[in-house]
Amino acid sequence: MQTFDDVELAGALAAQPGWSRHVANAALERARKTGVDVIDVLEGVTPNDRELPYREMARLLGLQYFSDVRPFLVPLDARIDIDRFAGIRSARGEVEGREVLFLTPRFEHVKALARRIGDDPSLRDHLGIVSPATLETGVAAANSEVLTANAVQRLAHRYPLASAHLDLPLWVRVGFVSAVAAIVLISLLPGFFLQPFFLGVVSLTLAAPSFFRLWAAFTFGRNSPLVPQKLLGDDQLPIYTVLIPLRNEAHMVPQIAQAMRRLDYPTEKLDIKFVVESASPQTAGAVRAVLGDPRFSLIVVPRHKPYTKPKALNFALPLARGEHVVVFDAEDLPDPGQLRAAASLFAADATLQCLQGELVIANASRNWITRMFAAEYAGHFGVLLPAIGRAGFPVPLGGTSNHFRTQTLRDIGAWDAFNVTEDADLGIRMARLGLRVESLATATWEEAPESAGNWIRQRSRWIKGWMQTLIVHSARPRKLLAVLGWASLLAFYVFVGGMVLSLTVHGLFLMTTLARLAHEFVVLGAPQAWTVAGLGALLLGYCGAGAISAIGLDRIGRPDLYRTLLGIPLYWLLAWYAVILACGELITKPYHWSKTEHRGLGSTLPAGTAIRVPSGKILPQRTQTSR
């Protein structure tokens, strides 16, 4: 068999053996500078044909090339660690009655493989060449049952009774909703002898989250997101996995694909997986149309209950090749430097386990709902979460732009497949395990729901998930106190529990307080003390939300939305309706995932800002310090 030096082999694998040597030399130099395999570089030489190096490799070796191995692969040994599926380089199968080993050789192995075949030509009948993407697709299909079981049961195996599936029997769900309803109704019953006590409880419930927000606002200068002191070079960066869960979102694929291509990260070190439900064939088809890009791959998730985003993410996680992993939704447009910044922070501080990117609403100017949503997000992600993380309190993560160390995520059981606000649950679990979570000073543009119906469906799912998280983590209060301590325990109940209960009581409490106020002015000439106290609790709640939102809007350069904050009472009334729906679903269909519809951001991004928040407004920023 013909022998090659490295330059000749690189040229041959690029289908240019007789052409100028500068293409091969450039590929070898690129591989050296970035610390990747030469074949990883060659996958990008020919636009939209990542398979070329493997076809040429098969031709050079005299082996059969396979573009699809799903019909031939046999399941891997059930005893193998499922996380070893990531980056697998070979797998056994059967083709026309003969056993075949499907290989994706690295560059340095090709010449050695050629010598072995030269010494034993019979190997040609038992070896096949495939690309890593083809092999991964085949492995996922052949082992779908074990991957699905892992997706559903992984958390329960790691931490029994930490899953919403096991800790949310019907009687618990009914009891939770009944207790909340009782507190609200008793506090509203005129003349009830315990009414002052319950009014006090309701007022405290409304005021507690506001104190939390006001604390974040007053300490804002000390609690800004992390920014790396120094960015890693291309050769220092690790492989980074991006998981993009999709369901019935074929129209969103071109936008998210374009956003991924803009990332300032070496192409060869990006492992971008579109995770698509099998019940969404059009979405899978749209993803296949962009798979010529060597960064992209498609993971099809079999239809299996529960039909949730965290179940889909858990299915894909064992296939993640990256040292770090981040989740982006279909509508996300991340700052191009976000992954490099996160990798640099992780590399500089081994205690850092998770980074939450800031989410910024791009379509804020569409209507009143999107303006309110933008103000809410500006305060929540730009002010509140950095304060919580800096204080070391449990951080209820947002559902996207969460960056993790992959091994840590696997070790802690990944996402709860049955929790419909899986991000918040994961953040609380990380706090219970003593894992450090901080905010990252780069932004991801997101699309807010533009209709009341779409907003309510999304919000009711979030609230239902917060209820699930509250119940699951409160099931064993002594253990929760032992691992969190009093301060973090209080923060958990104020932020998660207080948010749920404050939204629950707000609607009726607002209406009855205003009715009492009007009645007492007319009949008595002046309001009674409890009415004034209730009105004060409402105003305190609005002030807390308004304070962090105003600061957040200033950070992202949107002071034009300040007037929108006057609509907070009405916005919370809309959320109260979402709470009612969430309570009903918690009892009747606790694991149902209400899908949020998105139209795409192509025409809604602020002119001149591309997908980057104006850097001058994400200040003050805090350089990383070890703790």
How big is the dipole moment of the stretch 144-627 about its Cα centre under a simple scheme where the beta carbon of each Lys and Arg is +1, that of each Asp and Glu is -1, and everything else is neutral? Debye, nearest 20, please. 540
Rounded, prolate or oblate (a/c below 1.5 giving rounded, otherwise prolate when a/b exceeds b/c) for the stretch 39-97 by Cα gyration tensor: oblate
What does the charge add up to near residue 315, with Lys and Arg as +1, Asp and Glu as -1, over the other residues with Cβ less than 15 Å from its Cβ? +2
When every alpha-carbon pair in the stretch 130-177 is counted, what percent end up more than 15 Å apart? 62
Bounding extents of the stretch 338-420 in its principal axis frame from Cα atoms, largest first in Å, are 43, 32, 25
Find the relative contact order for the stretch 30-155 and round it to a whole percent, using C-alpha pairs within less than 8 Å whose residues are 6+ positions apart. 30
Taking only C-alpha positions in the stretch 6-142, Rg and Dmax in angstrom work out to 15.4, 49
If you project the alpha carbons of the stretch 278-335 onto the principal axes, what extent comes out on each, in Å, largest first? 33, 27, 21
Once the other residues with Cβ under 13 Å from the Cβ of residue 230 are scored (Lys, Arg +1; Asp, Glu -1), what is the net sum? 0
Mind checking the alpha-carbon convex hull of the chain and giving the volume per residue in Å³? 157
Which percent, nearest 5, of DSSP beta bridges in the chain are antiparallel? 30
Debye calc, one equal point scatterer per Cα of the stretch 213-325, no solvent, log10 I(q)/I(0) at q = 0.15, 0.21 1/Å comes to -0.74, -1.07
For the stretch 365-509, what percent of Cα pairs sit more than 26 Å apart? 25
In what sequence, highest mean first, do 302-315, 72-85 appear when ranked by Cβ atoms within 10 angstrom? 302-315, 72-85
FRET efficiency, 1/(1 + (r/R0)^6) with R0 60 Å, evaluated for residue 562 and residue 170 via beta carbons: 0.85
Express the relative contact order of the chain as a whole percentage, based on alpha carbon pairs under 8 Å and six or more residues apart in sequence. 18
I need two numbers for the stretch 385-457: Rg to one decimal and Dmax as a whole number, Cα atoms only, in Å. 13.8, 40
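Each value in this text was obtained by applying a stated rule to the coordinates, not by laboratory testing. This is a predicted model, so every value here is computed, not measured. FYI the Cβ positions are ideal-geometry reconstructions off the backbone, even for glycines, and counts take in every protein chain you see.
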